[in-house]
Amino acid sequence: MAQRYNFREAEQKWQAVWDNEQTFAVSADPDRPKYYVLEMFPYPSGRIHMGHLRCYTLGDVVARYKRSQGFNVLHPMGWDAFGLPAENAAMEKGVHPASWTYENIATMRGQLRAMGLSIDWSREFATCNPSYYRHEQDLFLDFLAKDLVYRQDGWVNWDPVDKTVLANEQVIDGKGWRSGAPIERRRLAQWFCRITSYSDELLSALETLDRWPAKVRAMQENWIGRSEGAYIEFDFATGPDTPLRVYTTRPDTIFGASFCAIAADHLLAESLATDNPGAAAFIDECRQLGTSEEAIQTAEKRGFDTGYRVRHPFVEGLELPVYIANFVLMGYGTGAIFGCPAHDQRDLDFAHAYDLPVLPVVVPQGEDPAAFEVGTEAYTGPGALANSEFLDGMDVDTAKRTVIGRFEAMGCGEGAVNYRLRDWLVSRQRYWGCPIPVIHCDSCGVVPVPREDLPVVLPEDIDFESPGNPLDRHPTWKHVDCPSCGAAARRDTDTFDTFMDSSWYFARFCSPEADEAVSREAVDYWLPVDQYIGGIEHAILHLLYSRYFMRAMRDTGHLDLAEPFAGLFTQGMVNHATYRDDAGEWLEPQRVVQQDGAFVRADTGAPVTVGRIEKMSKSKKNTIDPTDVIRDYGADTARWFILSDSPPDRDMEWTDAGVQGAYRFVNRVARLVMGNTDALPAPGTVPDGGTSPESQKLRALVHGAIADVTDDLERFQYNRAVARLYELTNDISSAVNDGAADPACLREALEVLVRLIAPMMPHLSEEMWGTLGHETRLSDTAWPEADSSLLVADTVTYAIQVNGKLRGTIDLPAGVESAAAQEAAKEIANVAEFIAGKEIRKAIFVPDKLVNFVV
RNA sequence: GCGGGCGUGGUGAAAUUGGUAAACACAAGGGACUUAAAAUCCCUCGGCUUCGGCCUUGCCGGUUCAAGUCCGGCCGCCCGCACCA
């Protein structure tokens, strides 16, 4: 028996070889088909976690598989290196954010390299490096020149813990997405990306993303939130001269209107508040109200009667009261609505609270218009218009069109499309981010930093001792002369949202050394990313911003592309069981052992409660460090296990037993190859035609496995591929034990096994390729092709059914005739029993599959 | 409320256009080898059974020669969004 496979030596050896030989370094080559594989780049938090291991293993399988199929594969890696944790570390530990970040990068780079990834490391960069962010500043100035970004004063989301503003997308259930702190509202002048100018395009192009998960597309569709309706202008009977402009999706219900309402932040409300203490108090109250789901659900509909009255556009003499209402949002439409209580639940609740009329104007089919009433539930379904003069009798859609036509003719409204999407707020009052390259001058206003002065580099001497924005506090950094008039002026002391950095990094990877943001030649060749892989948590944020960024870069002439990611795969989470001791404290898995079927503490033997299987998290202490697993079992074992059992898009459970199972398989493959090399003919020997039946059977199994595994890899069904490779290994082992397969066939079988596991276990397969006598690199070897003539079996197993129930099976020659198959089927004892004495009314024959007798 | 998904053994799961449900693995149990252990190998492993078989994919119904798969109606769970007019 040959010696044992030493994964430590082999993995280190092959990682060094790939590195020295620059195996995975690529360059653009228009003569070859390209394939761009990318996993979402990591934030350098300190150490890699299981989520990284899963994501990068999945990506590496794609990269290595596509490479073996002859594609010119771009598979880069970098660091999403700006962000708040670096500043928090600076405050807690007194280290500079830059050194903290670069130290983490060094650690994590080493951990990723130990995974044996087929990365082109020559393209690596970190977004916190001025050589990267200078181009981001450049892009920003291009966007500014094209009016794709702007600065505006308005109400923004303020995170009181992280002490910065946040984009709408970063407020989850009324709380900051990082800090979890309830969001406050502040009025500030901030920078925005005009993402809403692409609302329509971002929505309609979702249809073209057929290799994206339906769920992600649906989430973006929701977020963009298109609605069709109309603007209507109401003239005041009492109140200001300019009419009140509202947005509605139900213009057909105009005759059911019984009030108008405006948001607390509406200009009209604010101006009223200046000399009306009651209004001011009510507006204040509205702003106090939380925006969490709970707050919204429990909040009562409340309003403040402004005393203003508007005229109904069609009903002579009808005046509607105008309220400031707590349920009207400034951020949608015009921040003003007309209320039709009969056909909108919120309006109905409000009408009940303030004793306003409820007039049904849409009557469901079969109801008597004169008798139809609305109780506590608004009617929002289809029906015929009633109580609506010229609309009476129409269906809802016709009524909408008709009334919009009437508004347009009267000049008091028009049909309109509205989007829920808001512009992306990108300024952050933080230090560790890309400085915003503008200067504020008292006489010239906002002045772009001249291009020759880029990059605007972060100062290094920075003080984190006192609260607030460190850049703003810096004694000298912000003081500069105005580039336009030369007078004393100030730099913008905000930095960009780090999502700006990640919105174009995939483009930078195409030409990381380019003097421009991107080299046109490089992006034309490499983009779009063919397969992007990452977590579903970025379904809206990163993936929507990147889609905006590509369009903005397109419209500023940097590239010619709208969609950055042609294919998207969202991987599931890695979970682990949780444990608590009898005091209720969480316990790390390493501190728990199983004894006689029960879980106890390893140190004291005290009983342990096994909790739910949950996402690995520090707070529940149920994390496993991937590096420990790689150290103890090897990268191939870790990769193989993480690909086994669970489909990649589903959550999986990490178990020690599963890891050990994978480890056994690694050694089994190694034993199978190493223990049989002596008997094999030289590499390159092809099985000839005169092989034994056993050999032919083995060859059929081997080529069947090639076909199946190839199919599985194409469809991202890695758990199936793993199962299929277990089967192949079992088949080859049996053939070896039987000893009847000829050596050339055995060589073929072992080589195919090694080649098929290569994308998943690159070190083991590369080592075994050498063991099999090859001087070449398996990494440079083409993917095996199935011989289709071997995929056709001589005999097939038929299922024999009686009345659709299985009553037996029988092996028959492939391609047998219906009659012959039926005759043979009737011979089976159990089948004969079930058809005995009965008339066969019908016989179904599915070639090479089954016979079904209907009696 | 809107949108997306899921429901199959003790567990993770598999089942290509409807065509032999439970492949493969984990766990468990039994055995072989060994002074012993580890490693390895072999066997059993959905339920019931009179050992012939019968039943079984959340529940009810339908289509079909045939349904985990298609259709209708329920039940349950997970995820995302949500006072968006």
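The values are calculated or read from the model by the stated rules, or taken from the named source; none is laboratory data. The shown structure was predicted, so the numbers you read here are calculated from the model rather than taken from an experiment. Please note: Cβ atoms are built from the backbone with ideal geometry, for glycine as well, and neighbour counts cover all protein chains shown. Areas reflect the complete protein model, heavy atoms only, side chains present, ligands, DNA and RNA absent. Shrake-Rupley method; radii C 1.70, N 1.55, O 1.52, S 1.80 Å.
Before moving on, here are some points about what is shown:
- Scanning the stretch A:1-42 for residues that are open to solvent by 50 Å² or more (accessible area, probe 1.4 Å) and outside any loop (DSSP other than H, G, I, E, B) yields A:Arg8, A:Glu9, A:Gln12, A:Lys13, A:Asp19, A:Asn20.
One line per residue, one yes/no per condition, for (1) more than 10 Å from RNA strand B (Cβ to nearest atom); (2) closer than 30 Å to A:Gln571 by Cβ; (3) modelled with pLDDT under 90; (4) touching a Leu at 6+ places or on another chain (Cβ under 8 Å):
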{"position": "A:Ala189", "(1), (2), (3), (4)": "yes, no, no, no"}
{"position": "A:Arg194", "(1), (2), (3), (4)": "yes, no, no, yes"}
{"position": "A:Ser199", "(1), (2), (3), (4)": "yes, yes, no, yes"}
{"position": "A:Ser204", "(1), (2), (3), (4)": "yes, yes, no, no"}
{"position": "A:Leu209", "(1), (2), (3), (4)": "yes, yes, no, yes"}
{"position": "A:Ala214", "(1), (2), (3), (4)": "no, yes, yes, no"}
{"position": "A:Ala218", "(1), (2), (3), (4)": "no, yes, yes, no"}
{"position": "A:Arg226", "(1), (2), (3), (4)": "no, yes, no, yes"}
{"position": "A:Gly229", "(1), (2), (3), (4)": "no, no, no, no"}
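- Selection from the stretch A:575-607 of residues that are in a strand (DSSP E or B), closer than 23 Å to A:Gly658 by Cα and open to solvent by 60 Å² or more (accessible area, probe 1.4 Å): A:Arg580, A:Gln594, A:Gln595, A:Phe599
- Of all positions in the stretch A:207-223, none carries a residue that is within 30 Å of A:Ala399 (Cβ to Cβ) and either in a loop (DSSP other than H, G, I, E, B) or touching a strand residue (DSSP E or B) at 6+ places or on another chain (Cβ under 9 Å) (or both).
- Residue in the stretch A:173-195 that is hydroxyl-bearing (Ser, Thr, Tyr), open to solvent by less than 60 Å² (accessible area, probe 1.4 Å) and farther than 14 Å from A:Arg428 by Cβ present: no
- Condition met for A:Leu791 (aliphatic (A, V, I, L, M) and open to solvent by 40 Å² or more (accessible area, probe 1.4 Å)): yes
- Looking across the stretch A:355-405 at every residue that is small (Gly, Ala, Ser) and assigned to a helix (DSSP H, G or I), the one that is least open to solvent (accessible area, probe 1.4 Å) is identified as A:Ala399.
- Qualifying residue in the stretch A:158-171 (condition: open to solvent by 60 Å² or more (accessible area, probe 1.4 Å) and away from RNA strand B (no atom under 14 Å from the Cβ)): yes
- Test for A:Leu425: is it open to solvent by less than 50 Å² (accessible area, probe 1.4 Å) and closer than 23 Å to A:Lys93 by Cβ: no
- Being touching a residue at least 40 places away in the same chain (Cβ under 8 Å) and either among the polar types (S, T, N, Q) or within 16 Å of RNA strand B (Cβ to nearest atom) (or both) is a property that A:Ser617 lacks.
- Of the numbered criteria (1) away from RNA strand B (no atom under 14 Å from the Cβ); (2) over 30 Å from A:Leu318 (Cα atoms); (3) polar (S, T, N, Q), the one A:Thr238 fails is (2).
- Test for A:Asp636: is it under 31 Å from the mean Cα position of the chain (by Cα), within 30 Å of A:Tyr5 (Cβ to Cβ) and either more than 10 Å from RNA strand B (Cβ to nearest atom) or not in a helix (DSSP H, G or I) (or both): yes
- Any chance A:Asp138 is under 23 Å from A:Phe506 (Cβ atoms), touching a Ser or Thr at 6+ places or on another chain (Cβ under 9 Å) and of a type in the set (D, E, K, R): no
- Answer residue from the stretch A:769-785, given it is of a type in the set (S, T, N, Q) and outside any loop (DSSP other than H, G, I, E, B) and is most open to solvent (accessible area, probe 1.4 Å) among those: A:Thr771
- Cross-chain or 6+ apart pairs with Cβ under 7 Å, the stretch A:214-225 first and without any contact (Cβ under 8 Å) to a residue 12 or more places away in the chain, then in a helix (DSSP H, G or I) and not aromatic (Phe, Trp, Tyr): A:Arg217/A:Leu206
- A:Asp252 open to solvent by less than 30 Å² (accessible area, probe 1.4 Å), acidic (Asp, Glu) and either modelled with pLDDT of 90 or more or in contact with an Asp or Glu (Cβ under 8 Å, 6 or more places away or on another chain) (or both): yes
- Hey, A:Ser99 of a type outside the set (Lys, Arg), touching a Phe, Trp or Tyr at 6+ places or on another chain (Cβ under 9 Å) and either open to solvent by 40 Å² or more (accessible area, probe 1.4 Å) or farther than 24 Å from A:Glu537 by Cβ (or both) or not: no
For every residue, the table says whether it meets (1) crowded, with 24+ Cβ neighbours inside 10 Å; (2) over 22 Å from A:Asn387 (Cα atoms); (3) out of contact with any helix residue (DSSP H, G or I) (no Cβ under 6 Å at 6 or more places or on another chain).
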| site | (1), (2), (3) |
| --- | --- |
| A:Asp305 | no, yes, yes |
| A:Arg311 | no, no, yes |
| A:Gly317 | no, no, yes |
| A:Ala325 | yes, yes, yes |
| A:Cys340 | yes, no, no |
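- Scan of the stretch A:652-671 for residues that are more than 7 Å from RNA strand B (Cβ to nearest atom), more than 20 Å from A:Val592 (Cα to Cα) and out of contact with any helix residue (DSSP H, G or I) (no Cβ under 7 Å at 6 or more places or on another chain), ordered by number: A:Arg671
- Pairs are defined by a Cβ separation below 8 Å, a sequence spacing of at least 6 or placement on different chains, a first member in the stretch A:724-749 that is closer than 16 Å to A:Pro693 by Cβ, and a second member that is open to solvent by 30 Å² or more (accessible area, probe 1.4 Å) and within 8 Å of RNA strand B (Cβ to nearest atom); no pair meets this definition.
- Evaluated against (1) over 17 Å from A:Ala214 (Cβ atoms); (2) crowded, with 19+ Cβ neighbours inside 10 Å, A:Ala539 falls short on exactly one condition, (1).
- Scanning the stretch A:114-137 finds one or more residues that are closer than 28 Å to A:Thr164 by Cα, open to solvent by 20 Å² or more (accessible area, probe 1.4 Å) and without any contact (Cβ under 8 Å) to a residue 12 or more places away in the chain.
- Test: A:Met760 is open to solvent by 10 Å² or more (accessible area, probe 1.4 Å), within 14 Å of RNA strand B (Cβ to nearest atom) and under 30 Å from A:Arg54 (Cα atoms): no
- Note on the stretch A:810-833: residues that are within 14 Å of A:Ala799 (Cβ to Cβ) and open to solvent by 70 Å² or more (accessible area, probe 1.4 Å) amount to 1.
- Contact map, the stretch A:819-846: residues that are under 13 Å from A:Arg807 (Cα atoms) and without any contact (Cβ under 8 Å) to a residue 60 or more places away in the chain paired with residues that are assigned to a helix (DSSP H, G or I) and more than 13 Å from RNA strand B (Cβ to nearest atom), Cβ distance under 8 Å, separation 6+ or inter-chain. Pairs shown: A:Ala832/A:Lys826; A:Ile835/A:Lys826.
- Scanning the stretch A:682-723 for residues that are open to solvent by 40 Å² or more (accessible area, probe 1.4 Å) and within 11 Å of RNA strand B (Cβ to nearest atom) yields A:Asp708, A:Asp711, A:Glu714, A:Arg715, A:Gln717, A:Arg720, A:Ala723.
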